[in-house]
Structures are given as C-alpha cells and as structure tokens.
Amino acid sequence: MLNRSLLLKLWLLLIVLAKALPINSPAYAQIIQTNPQQPESFQERIRQQQEQQNQQTQEQFQETWLRLQLQQPQLQQQQLLQQQEFTRQQQELIRQQQLRLQQEETRLQQQQFTQEQQLRLQQQQLRQDQELRQQQQFRLEQQRQQLQFRQQKGNL
C-alpha cells in the first residue's frame, strides 16, 4: 500500500513536471525572445502567460503534494487496519484448522476404540465357540463310550 502511494506521488509529480518543462525550457524562451518580427508587447504577453502558467503549475504541484501528505496518515491507518484484519483472518483460519484436526483425531480414536471392541468381541466369541465345541466333543465322546460300553455289555 505504501509503494502504491509513493508511486502515485511520483506519477503526479511527473505529470506536473511534464506540463511545466516545455513552458520553462530555455530553448522555448530563446525562440520567443529572438524572434524580431514579433512586437515587444506580444513577447511581454507571452512572458507573462508563461509566468502565470508557471505559477499555476507550481500551485497545482504544491496542492497535490499537500493533499498527498494529508492522505498519507489515512493510507497508513488503512494499511494498518488491513494488516490487522488479515492477521485476524489468519488466526481464525489456524483456529479452524486446529479444530478440524482435533475432530479428526477424536474420530480416529473412536474408530480405533470401536475396532478394538469388535476385536475383543470376536475373540470372546471365538473362545465361547471353542469351549462349546470342546463340550460337544466331550459329550460325543461320552456318548460314544457309553454306546460302546452298552454294545460290549450286550455282546456279553
């Protein structure tokens, strides 16, 4: 913002000088003064017009310079406010990103907890299934032994 203001000042100064230089140039004044065909009063009017234009140009330059000097604190204040707003927005963005990261971390922890719970349940179910199979095998073995014992008893 500061560079923009400085660039504006230089640009206005260049415009003012560009208007003033052709009128104030020594070559232009020499042409007017050395032209013998023009009457003295005409040369005097031209000189007065030049002085008047010079005075107006200088006044415009001073007015522009003063206006720019008066605007400078406003521009600096505006730049400061913009920087503060930018900083505030950056901090808000960082806060939102941190919140999203915390939410994602919480979600991952819940997911991990759920998976661990499922794994424990599966392991418990597997143990129960194994115990049930062992009990069934034990019963089947007992029934087989009883049947075998009956058959042997019946054969006797």
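The values are calculated or read from the model by the stated rules, or taken from the named source; none is laboratory data. Note that the structure is a prediction, hence the values are computed from the model and not measured. Using ideal geometry, Cβ is built from the backbone for each residue, glycine included, and neighbour counts are taken over all protein chains shown. Each accessible area value is taken on the protein alone, full model and side chains, heavy atoms only, with ligands, DNA and RNA left out. Shrake-Rupley method; radii C 1.70, N 1.55, O 1.52, S 1.80 Å.
Worth a mention:
- Protection proxy ranking for 4-16, 140-152, using the average of other Cβ atoms within 10 Å per residue and placing the highest first: 4-16, 140-152.
- Within the accessible area of the range 43-125 (1.4 Å probe), percent carbon and sulfur: 49
- Label-point separation, Q53 to Q82 (7 Å along Cα→Cβ), nm: 3.8
- In the context of the full set of protein chains, residues of the range 86-144 present 98 Å² of accessible surface per residue (probe radius 1.4 Å, heavy atoms only).
- Taking θ as phi - 60° and the Karplus parameters 6.51, -1.76 and 1.60, the scalar couplings of the range 67-80 work out to 4, 5, 5, 6, 6, 4, x, 4, 5, 5, 4, 5, 5, 4 Hz in sequence order, x denoting glycine and proline.
- Legend: calculated FRET efficiency, N155 to L126, from the Cβ-Cβ distance at R0 = 41 Å, rounded to 0.05, equals 0.45.
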